[in-house]
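Readers should treat all values here as calculations from the given coordinates under stated rules, not as data from a laboratory. Note that this is a predicted model, so its numbers are computed, not measured. Every residue, glycine among them, receives a Cβ derived from its backbone with ideal geometry; neighbour counts consider all protein chains shown.
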Amino acid sequence: MAKSTDWHEKYAGKIVTAKKAVADVKRGQRVFIGSGAAEPQLLVEALSERGKDLADNQVIHIRSLGVAAYTESKFSDKFRYNTFFIGDNVRDAVSQGRADYTPIFLSEVPRLMYQGKATMDVALIQVTPPDEHGFCSYGVSVDIVKAATETAKIVVAEINPQMPRTLGNSFIHVDQIDRIVENDTPILEMPPTPVDEIAQRIGQHIANLVEDGSTIQMGIGTIPDSVLTELRHHKDLGVHTEMLSDGILDLIEGGVVTGACKTIHKHKVVASFAIGTKRLYDFIDDNPMFEFYPNEYSNDPFLIGQNVKMVAINSALEIDLTGQVCADSVGSYFYSGIGGQVDFIRGASRSAGGKPIIALPSTYSVDGKMVSRIVPMLNQGAGVVTSRGDVHYVVTEYGSADLHGKTIRERALALIHIAHPDFREELMKAAKEQHYVYSDQLVSPEIGLPEVEKLKTTMTAKEGIKVHFRPVKPTDEGMLQELFYRSSIETIYLRFFTYLKALPHSKAQQMAHVDYDKNLALVGSIIEEGHEAIIAVGFYDVDPKTKFADSAFMVRDDWQDKGVGKYLMSRLIDIAHERGIKGFTADILARNTRMRHVFDECAPAPIQSTMEEGYYHLTFPLEKEPLMGSTPC
């Protein structure tokens, strides 16, 4: 009890007014201000009011949410603001040269402080009231605040009972605080942004990449919120992130986030700071499910990589056709910062089954004009945050592209086909000029459109393996060639009526290029040795005069007689029926009994068959209801 009395006495002796607390700040000193929602508003206001008495003071911060009066032009000879991440309230000051931006990986900022490269004279922070042992919690921002506090010569703390008490490596003892200002006021909030259609589609594509049992990291905004919404049917997800927002709460309350499959910090949500609403702050208050750590720990790529199936989701401003990601600037205009993007991208890439993801809308608007975010080359002055070597998945509202380990040709082709359709021809032209792709490479403007995406389905084969069916894409060319070369001579002959020895680019490209209306090709794919592999392809091609479609399909030898061909034909027949196609025709070699059997079982009406020079010419109308509405053939 004596120790308890001691800290109470010390605490009482340190209480001062905000004005007196910042009186310790001298001219020319470096002043650190607590991060994000934990910004000590009363102390910041007092510091700004004292500006007339100061000169050449450097104010150090990460992301700021509150009013940053010290960045106003009238204080230009008083305060020089320096940020490690540019927020909305200081962006103009940085762009106008009244403030500085220090580009650095967030995981390395604390090291700057501990090594004396960014020493602080005064740290202004906001914390919880002390517990019975005299320890205050840093609350919603541990991030770089802990390092700044531990290296500052003077620590001034705004004690706020409305600050949630967070657990983990999140405490400072009263003995380490030099001045105390008591202030009972709501901490800063950032409400969720309404999710629009584009963000929703991006969220769906990302959710499809996330496996059950994954550990996720994401930021704040419409895209992260849409991802969290789309994950509501997943199981046993974990969280190891830099920041927390309100979106995570529904997944926790819905039993989706359990942390049961996490490799480290099992059953715990790991973060370094939180920005959201009072709902979030109340939820994390003294909640042992949450552990907050400084950035040198939470953002350590080697630690992040220990999480199995680590999924890192980060944003970008633009990306070029080779995979260079710009995330901190628009040309030479600094917009945000490096933050923790590279920390988590590299961490997820080290993870067993990990998936580093860059997500961005395909376009943005400038003076009412739509501009593509996928570009031939980054704008002049744009900074590369995530390099070509680090990039893995890129996701827009038009789909996802896995660039890791891919050639420049494969990257350019994939990125062009998740760009906005209005810019694909222009991007392909630029890619040809740079000799990134074949000179005769075709463009498919329909890829990724909602009406094409809705054609995706999944079946479970006899062995319990899921086979995913979707419209063919230009990026499937390589996998179609692989299907060809893994098929037997007999299978190739039965499909092409000749002993083809090769499937060069010119032919493979034609198989991968359809208009998704008058002609359509569906592929069936599985995950094989960690990668997608096409095991079946089927198509139809409509005769505009008769409105009948010629059709055929091919199944890899080891997947024949497993129901794949029947399912594929059922899908093609259903889609054709919905689109008003009158019927199907097919030419089948007489000895191709498997294909004939599939047509006999799947045709919704009697088949008319004629024999012509060793092959059957089949014709049947599409008169009945779609087959897939009940049980596939």
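Show me 463-469, 424-430, 528-534 ranked by packing, highest mean number of other Cβ atoms within 10 Å first. Don't skip to the end; give the middle numbers.
Values: 463-469: 13.6, 424-430: 18.0, 528-534: 11.9.
In decreasing order of mean packing, 463-469, 424-430, 528-534 become 424-430, 463-469, 528-534.
Can you list the aspartates and glutamates whose alpha carbon sits under 16 Å from that of K20, skipping same-chain ones fewer than 8 residues off?
E45, E49, D53, E158, D178, E182
Relative contact order, percent, of the chain when contacts are C-alpha pairs under 8 Å separated by at least 6 residues?
On the way: 1439 pairs, mean separation 51.4, N = 633.
Reported relative contact order: 8 percent.
Tell me the mean residue ellipticity at 222 nm calculated for the chain from its helices only (DSSP H runs of n ≥ 4, each -39500 (n - 2.57), averaged over every residue, nearest 500).
On the way: 21 runs with 173 residues, N = 633.
Roughly -7500 deg cm²/dmol at 222 nm, from the helical runs in the chain.
Give me the distance in nm between label points sitting 7 Å out from Cα along the Cα-to-Cβ direction at D212 and Q162, one decimal.
Distance between label points: 4.3 nm.
Between E49 and K462, what length in nm is gained on full extension when 0.36 nm per residue of separation is reduced by their alpha carbon distance?
141.3 nm
For the range 450-629, what class follows from the C-alpha gyration tensor (a ≥ b ≥ c being the square roots of its eigenvalues): rounded when a/c is under 1.5, otherwise prolate if a/b is larger than b/c, else oblate?
rounded
What whole-number distance in Å separates the alpha-carbon centres of the range 232-270 and the range 367-428?
One Cα centre to the other: 30 Å.
Once the Cβ-Cβ distance between S506 and T193 is put in as r, and R0 is 56 Å, what FRET efficiency do you end up with, to the nearest 0.05? Don't skip to the answer; put the middle values down first.
Working: r = 47 Å, r/R0 = 0.84.
Rounded to the nearest 0.05, the efficiency is 0.75.
Looking only at the chain, where both bridge partners belong to it, what percent of the DSSP beta bridges are antiparallel (to the nearest 5)?
Working: 54 of 108 bridges.
Percent antiparallel among DSSP bridges in the chain is about 50.
Counting DSSP beta bridges with both partners in the range 197-433, what percentage is antiparallel, nearest 5?
Numbers: 13 of 36 bridges.
Roughly 35 percent of the beta bridges in the range 197-433 run antiparallel, per DSSP.
Quick one: which of 571-581, 132-142 comes out on top by average Cβ neighbours within 10 Å, and what's the full order, highest first? All intermediate terms of the calculation are to be shown ahead of the outcome.
On the way: 571-581: 19.5, 132-142: 23.3.
Highest mean packing first, the order is 132-142, 571-581.
Give the separation of the Cα centroids, the range 460-501 to the range 202-219, in Å.
29 Å
Starting from 0.36 nm per residue, how many nanometres of slack lie between Q380 and L442 once their C-alpha separation is accounted for?
Answer, rounded to one decimal: 19.4 nm.
Any idea how far apart S95 and K235 come out in nm if each label point goes 7 Å out from Cα toward Cβ?
Between S95 and K235, the simple spin-label model gives 4.9 nm.
What translational diffusion coefficient, in µm²/s and rounded to a whole number, does the Stokes-Einstein relation yield for the range 2-182 at 20 °C and a viscosity of 1.002 mPa s, taking the hydrodynamic radius as the Kirkwood radius over Cα pairs? Write out the running numbers ahead of the final one.
Values: Rh = 16.3 Å.
D, rounded to a whole number, is 131 µm²/s.
Quick one: check the C-alpha center-to-center distance for the range 43-105 versus the range 5-32, whole angstrom.
Cα centroid of the range 43-105 versus Cα centroid of the range 5-32: 21 Å apart.
Quick one: of K14/K278; K14/K153; K406/K432, which pairs are farther than 20 Å apart, Cα to Cα? Please list the in-between numbers first.
Values: K14/K278 29 Å; K14/K153 16 Å; K406/K432 18 Å.
Flagged as over cut-off: K14/K278.
Just grab the label-to-label distance for Q176 and T407, each label 7 Å out from Cα along the Cβ direction, in nm (one decimal).
5.5 nm
Can you work out the FRET efficiency for the pair K429 and T119, with r the C-beta to C-beta distance and R0 = 51 Å, to the nearest 0.05? Working shown, then result.
Values: r = 53 Å, r/R0 = 1.04.
The pair K429/T119 has a calculated efficiency of 0.45.
Based on the mean of other beta carbon atoms within 10 Å per residue, what is the order of 157-169, 368-380, most packed first?
Averaged packing, sorted descending, gives the order 157-169, 368-380.
Note down the relative contact order for the range 391-481 as a percent, whole number, built from C-alpha pairs under 8 angstrom at least six residues apart. All intermediate terms of the calculation are to be shown ahead of the outcome.
Values: 104 pairs, mean separation 19.4, N = 91.
After rounding, I find 21 percent.
Relative to a virtual label point 7 Å from the Cα of D422 in the Cα→beta-carbon direction, which members of the range 348-388 show backbone nitrogen distances below 20 Å?
Taking a point 7 Å out along Cα→Cβ of D422, the residues of the range 348-388 whose backbone N falls under 20 Å are 360-377, 379.
Quote the FRET efficiency, to the nearest 0.05, computed for E132 versus Y493 with a Förster distance R0 of 60 Å and r equal to the Cβ-Cβ distance. If you can, show how the numbers build up before the last one.
Numbers: r = 83 Å, r/R0 = 1.38.
Once rounded, the FRET efficiency stands at 0.15.
Determine the gain in length on full extension of the stretch E529-D24; use 0.36 nm per residue of separation and subtract their C-alpha separation, reporting nm with one decimal.
Numbers: separation 505, 0.36 × 505 = 181.80 nm, distance 6.28 nm.
Extending this stretch completely gives an extra 175.5 nm.
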